[in-house]
Amino acid sequence: MQENKILIIEDEPKVAGFIKQGLEEHNFKADIVPDGLKGLETALNKKYDLIILDLNLPSVNGQKICLELREKNIATPIIMLTALSSIDDKVLGFQNGANDYIIKPFEFRELIARMKVHLSHKKATSEVEQRNILKISDLEMNLETKTVKRGATIIDLTAKEISLLELFMRNEGKVFSRKEIAEKIWEIKFDSGTNVIDVYINFLRKKIDKNFEPKLIHTYIGLGYVLRTTPQ
C-alpha cells in the first residue's frame with residue numbers, strides 16, 4: 001500500500017524530529033521544512049496528503065501559510081499544531097482554512113487518530129471527484145458542473161457541444177457515424193441532406209483542438225468521427 005506523504009512545517013528541531021519519527025513508525029512518509037516561506041513554497045509545488053503546520057514560524061507565520069494555500073485552491077488537509085491556545089487563535093485558524101487545531105503539548109496517538117480521519121475523508125472525496133471527471137490526454141470534463149478544460153485553459157461550450165463532447169469522451173476510440181450522432185445528441189432521424197453534424201464538429205474542433213496538441217477529434221472519411229489521441 002502506498003505511503004501517505006506528510007509535510008511538517010515546524011521550526012523546532014526536536015519537535016519536528018519527534019513528529020517525523022513517530023509518523024514513520026506508523027508507516028507515513030514525512031518531510032520537514034523549518035521555515036515558513038520555504039514551507040509555503042514546498043506546499044504549493046509538491047503534492048502531499050496532509051500538512052502539519054506550526055504557527056510561530058520564521059519568514060511567514062502559519063496562519064498566512066494556511067490562508068494562501070486555500071486562496072491558491074490547495075485542498076490538502078491542514079492540521080495546525082501549535083502552542084497558541086487561545087480561542088481567537090483557533091477561530092482564526094479555522095477561518096483561514098485549517099481542518100484541525102491541536103495544542104502543544106499533545107498526545108501523539110491523538111494526532112495519529114485525527115490524521116487518519118482527515119486522510120480518510122480526503123480519499124473518499126477524491127474518489128467521488130474522480131468518478132465525476134472524464135479525462136483524455138489533457139482534456140477534462142467535470143460531469144457534475146459540466147465544465148471543460150484543456151490543460152489549464154477553461155473552454156466555453158454550448159449545451160449541445162458539451163453533450164457531443166461527452167458522447168465522444170465516454171466512448172474514446174469509437175467511430176460515430178453522422179446518423180448515430182444525430183440520434184444520440186439531437187434525438188432525430190438523420191437527414192443526409194443536412195450538414196448540422198459537420199458544423200457542430202467544426203465548432204468543437206475550433207474550441208478544443210485548434211490551439212492544442214495532440215489533436216483529439218479525427219475524421220474517418222465515409223465513416224464518421226472519433227475522439228482519440230492518435231488518428232489511427
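Quick rundown of the values:
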| quantity | calculated |
| --- | --- |
| Breaking point among (1) part of a loop (DSSP other than H, G, I, E, B); (2) open to solvent by 40 Å² or more (accessible area, probe 1.4 Å), for Leu67 | (1) |
| Restricting region 85-123 to residues that are within 15 Å of Ile6 (Cα to Cα) and among the polar types (S, T, N, Q), the residue that is surrounded by the fewest Cβ atoms within 10 Å (Cβ to Cβ) | Ser120 |
| Flag if Glu140 is in contact with a strand residue (DSSP E or B) (Cβ under 9 Å, 6 or more places away or on another chain), open to solvent by 40 Å² or more (accessible area, probe 1.4 Å) and either among the aromatic types (Phe, Trp, Tyr) or at pLDDT below 95 (or both) | yes |
| Positions within region 48-90 being within 15 Å of Asp31 (Cβ to Cβ) and among the charged types (D, E, K, R), in sequence order | Asp49, Asp54 |
| Strands (runs of 3 or more DSSP E) completely within region 1-59 that count 2 or more residues being open to solvent by 40 Å² or more (accessible area, probe 1.4 Å), touching a helix residue (DSSP H, G or I) at 6+ places or on another chain (Cβ under 9 Å) and farther than 22 Å from Glu71 by Cβ | 29-33 |
| Filter result (in contact (Cβ under 8 Å) with a residue 40 or more places away in the chain and either among the small types (Gly, Ala, Ser) or within 16 Å of Asn61 (Cβ to Cβ) (or both)) within region 90-110 | Ala98, Lys104 |
| Lone qualifier among Ile65, Ile74 - being under 19 Å from Lys38 (Cα atoms) and touching a residue at least 40 places away in the same chain (Cβ under 8 Å) | Ile65 |
| Residue check for Lys215: open to solvent by 50 Å² or more (accessible area, probe 1.4 Å), charged (D, E, K, R) and in contact with a Leu (Cβ under 7 Å, 6 or more places away or on another chain) | no |
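The values are calculated or read from the model by the stated rules, or taken from the named source; none is laboratory data. Since this is a predicted model, take the numbers as computed values, not measurements. Because the Cβ atoms are built from the backbone with ideal geometry, glycine has one as well, and the counts that use them run over all protein chains shown. Remember, those area values only see protein heavy atoms, side chains included, never the ligands or the DNA or RNA. Shrake-Rupley method; radii C 1.70, N 1.55, O 1.52, S 1.80 Å.
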